[in-house]
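The values are calculated or read from the model by the stated rules, or taken from the named source; none is laboratory data. Note that the structure is a prediction, hence the values are computed from the model and not measured. Neighbour counts run over all protein chains shown; Cβ positions are idealised from the backbone, glycine included. Keep in mind that these areas ignore ligands, DNA and RNA; they rest on the heavy atoms of the full protein, side chains included. Shrake-Rupley method; radii C 1.70, N 1.55, O 1.52, S 1.80 Å.
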Amino acid sequence: MTTIIQVATSAGVSTATVSRVLSHPDRVAEKTRLHVLGIVEALGYRPNVAARSLRTLRAAKILLTVPDISNPFFASVIRGAEEAARDAGYGVVVGDTRHDPVIEDQYAEMLSRREVDGLIFLGHRLPDPLQRVLDRAGCAAPIVNGCDYNVETGVPGVHIDNAAAGRDAVQHLVDLGHRDIGIVAGPSTSPLSRDRLAGAMAVAEAHGVADRIQTRIGDYSAASAFEQARAMIAGGVTALFCFSDEMAMGAIAAVRDAGFDCPRDVSVIGFDDLPHALYFHPALTTISQPKGLIGQRAVEMLVAILNGDTDRSDRVVLAHELVVRGSTGPAAPRTPPR
């Protein structure tokens with residue numbers, strides 16, 4: 001195995017210079033940097049991460065916790081995070097909390113024990129161990145919230161404008177002539193769910209149809225939406241806005257189960273733009289989130305905190321997009337159930 005001493009000898013520089021080229025290349029003159037990198041490549045040198053971690057008291061790892069690892073939405077966020085972390089010289093440890101506060105706290109303790117250098121959590125709850133870290137370190141705490149954002153926690157975050165996305169979804173349905181609209185929201189404890197609902201209701205108020213909106217709470221799963229949508233379909237809605245694509249797919253199943261057609265009798269719009277939304281039947285109209293970019297920006301924000309960058313932004317709002325496909329259409333009188 002090639003050592004850093006062999007690299008330094010071959011390059012005619014000190015081991016400290018080789019170390020700076022690999023860890024802080026911006027601090028080394030370009031000519032020297034390129035020369036050393038050429039030697040590193042030629043000799044096939046790979047830094048000893050474990051030894052470096054002992055010297056710097058850094059684990060070179062980032063913990064990323066997700067509330068439901070089986071949800072394809074989070075898989076796309078994780079991929080974006082891993083790519084950005086790898087570019088920054090960090091590995092990623094993924095923890096599936098399963099919406100369980102006890103598991104969330106257990107993972108958060110890894111940061112307190114310095115088993116990881118920083119933590120990105122994709123849920124909305126701030127675990128107690130993280131609150132203690134925040135209390136000690138304040139804005140320098142290596143903690144970032146991805147997807148959700150709650151200003152009250154004081155944690156930096158990366159997310160879309162969920163209120164604006166909710167407005168866009170319901171405006172699309174209103175533009176198609178729908179007035180009796182059902183909303184299958186997420187848990188009211190989630191800031192992003194509350195924001196989406198607030199945006200949706202703002203449009204309904206503006207068009208004078210707020211009293212015709214039916215709202216029920218789901219848990220982002222297809223099963224929960226199936227039950228909630230079935231009740232609202234019986235109540236006469238002509239369109240359904242679901243706060244996740246999985247819920248939208250469950251809602252479309254409920255439309256069919258009731259003997260109706262989507263979108264002829266009941267339009268359905270989802271949220272997230274999962275990879276298989278395009279291939280569902282009918283193809284799903286949805287709000288597209290930049291999933292990979294959320295993961296990438298969250299890692300970049302965390303690395304900036306770890307590097308002591310005081311110029312960083314503590315809130316990044318990314319663009320969303322309304323993607324119109326086959327699951328929404330003009331409001332029309334329902335045909336009798338099959």
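Side notes on the structure shown:
- A crude spin-label estimate for the pair ASP26 and ALA75, with each label 7 Å from Cα along the Cβ direction, gives 3.6 nm.
- Exposure of VAL316 as accessible area (Å², to 10), given a probe of 1.4 Å and all protein chains: 40 Å²
- The accessible surface of the range 203-338, taken with every protein chain in place and a 1.4 Å probe, is 53 percent carbon and sulfur.
- Positive minus negative residues near PRO127 (Lys, Arg vs Asp, Glu; Cβ under 10 Å): -2
- Rounded to 5, the percent of DSSP beta bridges in the chain classed as antiparallel: 10 percent
- Ligands, DNA and RNA excluded, the heavy atoms of ASP135 present near 110 Å² of accessible surface to a 1.4 Å solvent probe.
- Averaging 1/r over each pair of different alpha-carbon atoms in the range 182-338 and inverting the result gives 16.7 Å, the Kirkwood hydrodynamic radius.
- Multiplying the residue separation of ASP180 and VAL317 by 0.36 nm and subtracting their alpha-carbon distance yields 46.2 nm.
- Solvent-accessible area of THR2 with every protein chain in place, 1.4 Å probe, in Å² to the nearest 10: 40 Å²
- Helix-only mean residue ellipticity at 222 nm for the chain, each DSSP H run of n ≥ 4 adding -39500 (n - 2.57), per residue, nearest 500: -14000 deg cm²/dmol
- Estimated inter-spin distance, THR15 and ALA332, nm [label 7 Å along Cα→Cβ]: 7.7 nm
- Legend: residues ARG27, ARG256, sorted from most to least accessible area (1.4 Å probe; ligands, DNA and RNA excluded), read ARG27, ARG256.
- For ASP261, residues with placed amide H under 5 Å, excluding near neighbours: VAL266
- Relative intensity of the range 11-132 on a log10 scale, I(q)/I(0) at q = 0.11, 0.14, 0.22 Å⁻¹, equals -0.51, -0.72, -1.20, per a Debye sum over C-alpha point scatterers of equal strength in the absence of solvent.
- Counting charges near GLY259 (Lys, Arg +1; Asp, Glu -1) among other residues having Cβ under 15 Å from its Cβ returns a value of +2.
- Chain lengthening between ILE217 and ARG113 when straightened (0.36 nm per residue, less Cα-Cα): 33.7 nm
- What the chain shows is 47 Å² of accessible area per residue, with the surface traced by a 1.4 Å probe over protein heavy atoms.
- Inter-label distance for ASP309 and ASP87, nm, one decimal - labels placed 7 Å from Cα along Cα-to-Cβ: 1.1 nm
- Were the residues from CYS139 through ALA258 laid out at 0.36 nm apart, the gain over their Cα-Cα distance would be 37.6 nm.
- Label-zone membership for the range 235-274, site HIS281, 7 angstrom Cα→C-beta point, backbone N under 11 Å: none
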